[in-house]
Amino acid sequence: MNLLPQTPSQTVGPYFAYGLVALQYGYPFASVAGREVAAAHTPGELIILEGRVFDGAGAPISDALVEIWQADASGKYPVAPAANEFTGFGRFGTGTAAGNVFQFQTIKPGAVSGQAQHISLIVFMRGLLSHVYTRLYFTDEATANAADPVLNSVPAGRRGTLLAERVAGPGLPTYRFDIRMQGEDETVFFDL
Amino acid sequence: MSAENQLLTPDAAYRPRDWAVHPAYVVPGYRSTELRAPSQKLIPLKHTLSELTGPVYGASHVGPFDHDLTRNGRVNGEPIGERIVVAGRVLDQHGQPLPHTLIELWQANAAGRYVHKIDQHDAPLDPNFFGGGRVLTDGDGWYKFMTIKPGAYPWGNHPNAWRPQHIHLSLFGPNITTRLVTQLYFPGDPLLEYDPIFLGTPPAGRGLLISKFDLSLTEPDFALGYRFDIVLRGSDATPFETR
């Protein structure tokens, strides 16, 4: 049977904010997703996830859109959650916070069917005609990481680009995950 | 979708992105790709539950005028410009319609100016046009929205660079492998042959990005109609009815 051709991807461009993350940028239009993936009452460990997206010259990118998708604390992916429930999905543009940081409030996911705890990321930006996929793992889950089939498919020297580091500080536990589009520590992007 | 996907066997998977139609990361004429395109090869990832699930949005996420950009930004009158209807179907590669799937859209106004604060193009904002919207496909995968035909606008990529008229569209589909952000163009636009973003698409994909004028979608005495079908990645498995 003949398959229909896929509709090609195009760049999100520099002006996506009022369409995709309007509230974050102060536009009067509801957003389907944003910084808060989980609330204080969500079962699990509430965490902050933050980082920056760097270009090949080492400059932070101010017009990237980062999306995350993850399981809940028991390793289950949400299906059509009700309002105020854990959504598993977050979206943040790098144009509003100091230093072009992206940030999410979520819970640390549980392990998903034979894999270490991880979060899937999709990244869009001006200058990127097709989006990129990557994954985030946690440095403090070394045993699970060592057995993870996806991490193990990555050349050992590049696995570190997929690890989020827990950083000390006041407030909620915070994990830092920077994304590098190019360069020596170029983040691993997946063909999925 | 996700309810079904959580039951998929571990070897179920979605078809790969077809790089014969999707743009490569490095596009020589599009300057911003130089420092932003990944330089290393993508690493293959066999789909797991993490890839075969995704966010689900429904009617509660779409406001009453979100599908009508001629109404959702009104302050003291109607927006200026040529009203158009854009409609089509969202399908997977097997031709199966994707019902109740969310499409998000954003665009410039009739003068080629975006509401976005960083757009400094010397063209007027329209107080009655916002330019962002969203729509859900119906049970047969059809969508339809009303808007103002966007204007072309200059950009700094190269001397005298102009973007062809376009509307940005964002779709989720059944899971994160089907995620798509694309742009809809208009037939006969003379700027297409000069646009490095459109031309960054392989020749086999370009025609798929151009909407078709469709008299049957036209609302007589009110708005012209354009048809734009969207095809998302399909399952690798032979499709069968599960509903």
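Once label points are set 7 Å from the Cα along Cα→Cβ at both A:Ala146 and A:Ala30, what is their separation, rounded to one decimal in nm?
4.9 nm
Which of the GluC sites (Glu not before Pro) found in segment A:139-192 are loop residues per DSSP with 10 or fewer other Cβ atoms within 10 Å of their Cβ? List each step's numbers first, then the result.
Numbers: sites: A:Glu141, A:Glu165, A:Glu184, A:Glu186; in loops: A:Glu141, A:Glu184, A:Glu186.
For GluC sites (Glu not before Pro) across segment A:139-192 that sit outside H, G, I, E and B with at most 10 neighbouring Cβ atoms in 10 Å, the list reads A:Glu184.
Mind running the shape call on segment B:136-179? Use the C-alpha gyration tensor, a ≥ b ≥ c as the square roots of the eigenvalues: rounded below 1.5 for a/c, prolate if a/b tops b/c, oblate otherwise.
On the way: a/c = 5.91, a/b = 1.87, b/c = 3.16.
Oblate shape, in that a/c is at least 1.5 and b/c is the bigger or equal ratio.
What does a probe at B:Leu191 reach in segment B:103-118, counting residues whose amide N is under 12 Å from the point 7 Å along Cα→Cβ?
B:108-114
Can you tell me the FRET efficiency between B:Ala24 and B:Ser60 if r is taken as the Cβ-Cβ distance and R0 is 25 Å, rounded to the nearest 0.05?
On the way: r = 38 Å, r/R0 = 1.53.
Given R0 = 25 Å and the Cβ-Cβ separation, E is 0.05.
Any idea what Rg and Dmax come out to for chain A if you just take the C-alpha atoms, in Å?
16.7, 58
Can you give the relative contact order of chain B as a percent, counting alpha carbon pairs under 8 Å and 6+ residues apart? Walk me through the intermediate numbers first.
On the way: 511 pairs, mean separation 64.2, N = 243.
Rounded, it is 26 percent for chain B.
What value in Å³ per residue do you get for the convex hull of the alpha-carbon atoms in segment B:173-243? Can you show the working numbers first?
Working: hull volume 11.7 nm³, N = 71.
Each residue corresponds to 164 Å³ of Cα convex hull volume.
Name the residues of segment B:54-98 whose amide N is less than 11 Å from a point 7 angstrom out from the Cα of B:Glu219 along the C-beta direction?
Output list for this probe position: B:68-71, B:83-86.
Using unit Cβ charges (K, R positive; D, E negative) and no other charged atoms, how large, in debye to the nearest 20, is the dipole of chain A about its Cα centre? Show your work: numbers first, answer last.
Values: 12 positive and 17 negative charges, 33 e Å.
With only Lys, Arg, Asp and Glu charged at Cβ, the dipole is about 160 debye.
Hey, what's the Kirkwood Rh for segment A:59-112 if you take every pair of different alpha carbons, in angstrom? Before the final figure, lay out the partial values.
Values: mean 1/r = 0.0803 Å⁻¹.
Mean inverse Cα-Cα distance, inverted, gives 12.5 Å.
Hey, can you grab everything whose amide H is under 5 Å from the amide H of A:Arg135? Only 5+ residues off in sequence or another chain; H modelled, so Pro and N-termini drop out.
A:Leu121
Run through the DSSP bridge list for the protein assembly as shown and note the antiparallel percent, rounded to the nearest 5. Walk me through the intermediate numbers first.
Details: 60 of 79 bridges.
Antiparallel bridges make up about 75 percent of those DSSP assigns within the protein assembly as shown.
What size of dipole, in debye to the nearest 20, comes out for the protein assembly as shown about its Cα centre when the only charges are +1 on Lys and Arg C-beta atoms and -1 on Asp and Glu C-beta atoms? Show your work: numbers first, answer last.
Details: 34 positive and 42 negative charges, 60 e Å.
With only Lys, Arg, Asp and Glu charged at Cβ, the dipole is about 280 debye.
Tell me the per residue accessible area of the protein assembly as shown using a 1.4 Å probe; a whole number in Å² is fine.
Details: 17430 Å² over 435 residues.
The answer is 40 Å² per residue.
List the accessible area buried at the contact between B and A, summed over both sides and calculated with a 1.4 Å probe, in Å² to the nearest 100.
Summing both sides, the interface buries roughly 6900 Å².
Taking all protein chains as present, what is the carbon and sulfur share of the accessible area of the protein assembly as shown, in % to the nearest whole number, probe 1.4 Å? Kindly include the intermediate steps, with their values, before the conclusion.
Values: 9790 of 17430 Å².
Summing carbon and sulfur atoms, their accessible area is 56 percent of the total for the protein assembly as shown.
With 26 Å as the limit, write out which pairs from A:Lys76/B:Lys41; B:Lys117/B:Lys144; B:Lys144/B:Lys212; A:Lys76/B:Lys46 have Cα-Cα distances beyond it, or answer none. Show your work: numbers first, answer last.
Working: A:Lys76/B:Lys41 31 Å; B:Lys117/B:Lys144 28 Å; B:Lys144/B:Lys212 14 Å; A:Lys76/B:Lys46 19 Å.
A:Lys76/B:Lys41; B:Lys117/B:Lys144, as the Cα separations exceed 26 Å there.
Please work out how much accessible surface A:Phe54 shows to a 1.4 Å probe, ignoring ligands, DNA and RNA, in Å² rounded to 10.
About 20 Å², ignoring ligands and nucleic acids.
Work the Kirkwood hydrodynamic radius out for the protein assembly as shown: mean of 1/r over every pair of different alpha-carbon atoms, inverted, in Å. Working shown, then result.
Details: mean 1/r = 0.0452 Å⁻¹.
Roughly 22.1 Å, rounded to one decimal.
Please report how far the C-alpha centroid of segment A:130-192 lies from that of segment A:22-100, rounded to the nearest whole angstrom.
First find each Cα centre; the distance between them is then 17 Å.
Quick one: dipole size for chain B, taken about the Cα centre, charges +1 on Lys/Arg Cβ and -1 on Asp/Glu Cβ, in debye to the nearest 20. Please list the in-between numbers first.
Working: 22 positive and 25 negative charges, 102 e Å.
The calculated dipole for chain B is roughly 500 debye.
For chain B, just say rounded, prolate or oblate: build the C-alpha gyration tensor, square-root its eigenvalues into a ≥ b ≥ c, call rounded for a/c under 1.5, and beyond that prolate if a/b exceeds b/c, oblate if not. Intermediate results must be reported in sequence, preceding the final value.
Details: a/c = 1.92, a/b = 1.28, b/c = 1.50.
The shape class here is oblate.
Would you list which aspartates and glutamates come within 12 Å of A:Lys108, measuring only between C-alpha atoms, while excluding same-chain residues fewer than 8 positions from it?
Cross-link targets: A:Glu45, A:Asp72, A:Asp140, A:Glu141.
At 0.36 nm per residue, minus the direct Cα-Cα distance, what do B:Gln120 and B:Val75 gain on full extension? Give it in nm, one decimal, please. Don't skip to the end; give the middle numbers.
Details: separation 45, 0.36 × 45 = 16.20 nm, distance 2.20 nm.
Stretched out fully, the B:Gln120 to B:Val75 stretch lengthens by 14.0 nm.
Antiparallel versus total DSSP beta bridges in chain A: what percent is that, nearest 5?
80 percent
Say the dipole of the protein assembly as shown comes from +1 at the beta carbon of Lys and Arg and -1 at that of Asp and Glu; which of A:Asn84, A:Ala164, A:Ala147 then lies farthest toward its positive end?
A:Ala164
Sort segment B:125-243 into rounded, prolate or oblate with this rule: let a ≥ b ≥ c be the square roots of the eigenvalues of the Cα gyration tensor; rounded if a/c is under 1.5, and if a/c is not under 1.5, prolate when a/b is larger than b/c, oblate otherwise.
Numbers: a/c = 1.89, a/b = 1.33, b/c = 1.43.
It comes out oblate by the Cα gyration axes.
Taking a point 7 angstrom from the Cα of A:Ala97 along the C-beta vector, which residues in segment A:168-189 have backbone N less than 18 Å away?
Output list for this probe position: A:168-181.
The values are calculated or read from the model by the stated rules, or taken from the named source; none is laboratory data. The model shown is predicted, which means the values in this text are computed figures rather than measured ones. Glycine also receives a Cβ, built like all others from the backbone with ideal geometry; neighbour counts cover every protein chain displayed. Just the protein is used for accessible areas: all its heavy atoms, side chains included, with ligands, DNA and RNA removed. Shrake-Rupley method; radii C 1.70, N 1.55, O 1.52, S 1.80 Å.
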